[in-house]
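Each remark here refers to the structure printed beneath this line.
The values are calculated or read from the model by the stated rules, or taken from the named source; none is laboratory data. Everything quoted here is computed from the prediction, not taken from an experiment. Cβ coordinates were reconstructed from backbone atoms using ideal geometry, including for glycine residues, and neighbour counts include every protein chain displayed.
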Amino acid sequence: MRIPHTLLAAALLSASALAQALTVAPYSPEALAKAQAAGQPVALHFRADWCPTCRAQDKVLDSLKSDATLNITVLAVDYDKEVNLKKQDKVRAQSTFIVYKGTQETARMVGETSPEAVRAVLRSAL
């Protein structure tokens, strides 16, 4: 049985979308616990809507979603609402990334908007 070209093209596009490894999702304690319990790479991005540096970092993360080598989940933490998490993780500024491989912190970065630097800090857990 031959597959029409349009179906083949659609299948290839779907497969390339699935290859997109970097995922950005809202923070929840359950999502973090699940990733850490599985030993997966996960990053917390402490951000605020009012923060221009955070918005620039969001754009960098969007641009990195096409990098299939970044098999990591970034959980967006509301800097203004997650006060206990900030205290627990000793976060003193918005625009902070904390990267984990399971429960082990592998890197921390504050205020950086360079795509190369963000990619490097995320790769620390891979």
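One table, with the values for the structure above:
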read-out: Test for Lys101: is it over 16 Å from Glu116 (Cβ atoms), free of Cβ contacts under 8 Å to residues at least 12 places away in the same chain and not aliphatic (A, V, I, L, M); value: no
read-out: Search result, residues across the stretch 80-98 that are basic (Lys, Arg) and in contact (Cβ under 8 Å) with a residue 40 or more places away in the chain; value: Lys86
read-out: Meets criteria (among the hydroxyl-bearing types (Ser, Thr, Tyr), more than 18 Å from Thr53 (Cβ to Cβ) and modelled with pLDDT of 95 or more) for Thr73; value: yes
read-out: Of residues in the stretch 40-83 being assigned to a helix (DSSP H, G or I) and not hydrophobic (A, V, I, L, M, F, W, C), the one surrounded by the most Cβ atoms within 10 Å (Cβ to Cβ); value: Gln57
read-out: Enumeration of residues in the stretch 103-124 that are under 14 Å from the mean Cα position of the chain (by Cα) and not polar (S, T, N, Q); value: Ala107, Arg108, Met109, Pro115, Ala117, Val118, Arg119, Ala120, Val121, Leu122, Arg123
read-out: Hits in the stretch 19-39 (condition: part of a helix (DSSP H, G or I) and out of contact with any Gly (no Cβ under 9 Å at 6 or more places or on another chain)); value: Pro29, Glu30, Ala31, Leu32, Ala33, Lys34
